[in-house]
Ligand code: 4NP
């Protein structure tokens, strides 16, 4: 799961997907990172922590990190939160790796290339909206890649 800062959107996406996989007893390695390195080692934004907690998900074990080129070999799927992240990710790929990079909302809204809005400078309502978008997209990840009916 990749966003810009790895403190708002992608930590939520990581937490939500891990939560769903655990509930279904599926083992898969899920992680998140930022294309920017502004918040390395920081906890998720307190508003992301709060919205996750509202839905019984604890994301306080997460610390922000910057995307590494090795991530493109280590991971099978790389989900970008918005079109900027997507373009940055695509620029970093080597031969054959570009097929791993997806826009996360294309899982729930195929072909629309919609972005998860950056909630960083907004109020707390933005985080509820982001949560709902990511929750639906993560259900679709389980359906589309793990062949589960959600
Ligand atoms: P995120 O949100 O990419 O969803 O983690 C942001 C966090 C920090 C900044 C921008 C977006 N920032 O400019 O510091």
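Summary of values
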{"item": "All-pairs alpha carbon distance profile, the chain, 10 Å steps from 0, percent", "result": "12, 45, 37, 6, 0"}
{"item": "At R0 = 41 Å, FRET efficiency that the Cβ-Cβ distance of residue 66 and residue 149 yields, to 0.05", "result": "0.70"}
{"item": "Choice from 61, 41, 88 with maximal GNM fluctuation in the chain (Cα, 10 Å cutoff)", "result": "61"}
{"item": "Where labels lie 7 Å past Cα in the beta-carbon direction, separation of residue 120 and residue 42 in nm", "result": "0.7 nm"}
{"item": "Per-pair calculated FRET efficiency, R0 = 25 Å: residue 129 and residue 91 via Cβ, rounded to 0.05", "result": "0.30"}
{"item": "Full-extension gain in nm, residue 25 to residue 100, via 0.36 nm per residue minus C-alpha separation", "result": "24.6 nm"}
{"item": "Value of [θ]222 nm, deg cm²/dmol, for the chain, DSSP H segments ≥ 4, -39500 (n - 2.57) each, nearest 500", "result": "-12500 deg cm²/dmol"}
{"item": "Relative contact order, percent, region 2-146 [alpha-carbon distance under 8 Å, six or more residues apart]", "result": "27 percent"}
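Throughout, read-outs are computed from the coordinates displayed, never taken from laboratory work. In this text the structure is predicted, and so the values were computed from the model without any measurement. Virtual Cβ from ideal backbone geometry, glycine too; neighbours counted across all protein chains shown.
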